[in-house]
Each structure stands twice: as C-alpha cells, then as structure tokens.
Amino acid sequence: MKINSDKVSVTADAAAIKTFLMDMNNVEHLLPQDKVKDFKGSVEQCSFKVQGGVTISLIQNGSKETEEVYMKSGEGSPFPFTLTVHLEQMGENTEGYIHFNGEVNMFLKMMVEKPLTALFNYMSQKLKDHFEA
C-alpha cells in the first residue's frame, strides 16, 4: 500500500528541515498529542502507541542530500513499512510531502488507509507549523 500526504510549502530551508527530521526525538512534535501516548525517542529511533494500543516504531534510515529523509518500521510495528519525506527547495520555501510504503494485506488496508492518510497529512501540516511559528 502506498500513500502520499498532501504537499505543503514551508518557509524554511530544506537543509534545516532535514536536520530537524534526522533527529527522531522531533517526530513527537509532528504527532497528534490527543491520539498518541508513551512516546520514547532518541536521535536514531522512536516509538509510540496510537489509539487502540498499537505500537509504532520508527528507525532513522539515512537521507539523500537535502532532498529525501528515510525512515523504516522498527521491531514491534504491526507491519513492515518505509516512510520517505521528499523535500524540494523552491526559492526561500521548501515544498515537501510524506510517502508511505507498507506491506499490508487487503483487509488491513481497508482498516488503516484512511487513518494513515489523515495522520501523514496532519504530520505534514505540523512540520509547516513548526517552522512558521
């Protein structure tokens, strides 16, 4: 299953956004606080519980210059997946979006596609809000 978040334009340099995203502690700032609990983070990885008690684990998985930041599922996640944050410098702004690629069966896809799409759109907007506050 593949999901792309809405594209956002952030008033910040792509390098600054990449630096922020490369520290997995910062993922906490992008999550809906009313739907997530038990966040644990370090520079390399983080984990948290979402509504329903499912634990999500993310591991930093490198980057491509200032254009992409890679993350992947860690131990304890309900299914294997990768997240890629695409960044493109556009003058003084950076345009970006989150791409999700997960290995889920058709039944699980029906259950998680809509909430995951909403989550990635929320995270994209929170990233914009963080840099424009």
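The values are calculated or read from the model by the stated rules, or taken from the named source; none is laboratory data. Not measured: the values here are computed from a predicted model. Because the Cβ atoms are built from the backbone with ideal geometry, glycine has one as well, and the counts that use them run over all protein chains shown. Accessible surface is based on the protein model in full, side chains and every heavy atom, while ligands, DNA and RNA are left aside. Shrake-Rupley method; radii C 1.70, N 1.55, O 1.52, S 1.80 Å.
Assorted remarks:
- In range of the label at GLU113: residues from segment 1-22 whose backbone nitrogen is under 13 Å from the point 7 Å along Cα→Cβ: 1-4
- Global size of the chain as Cα Rg and Dmax, reported in angstrom: 14.1, 43
- Over 26 Å between alpha carbons, listed pairs LYS37/LYS64; LYS72/LYS109; LYS2/LYS126; LYS64/LYS114: LYS37/LYS64; LYS64/LYS114
- Principal-axis tilt of helix 106-132 within the chain, Cα atoms, nearest 10 degrees: 30
- Projected label points at ALA133 and GLU67, each 7 Å from Cα along the beta carbon direction, are separated by 3.1 nanometres.
- Computed over the chain with a Gaussian network model linking Cα atoms closer than 10 Å, the most mobile of MET110, MET123, MET22 is MET110.
- Gaussian network model of the chain, Cα within-10 Å springs - most flexible of GLY96, GLY52, GLY76: GLY52
- Within the accessible surface of segment 1-46, defined with a 1.4 Å probe on protein heavy atoms only, the carbon and sulfur portion equals 47 percent.
- Sorted peptide list for 99-109, 64-74, criterion being average Cβ within 10 angstrom, highest first: 64-74, 99-109
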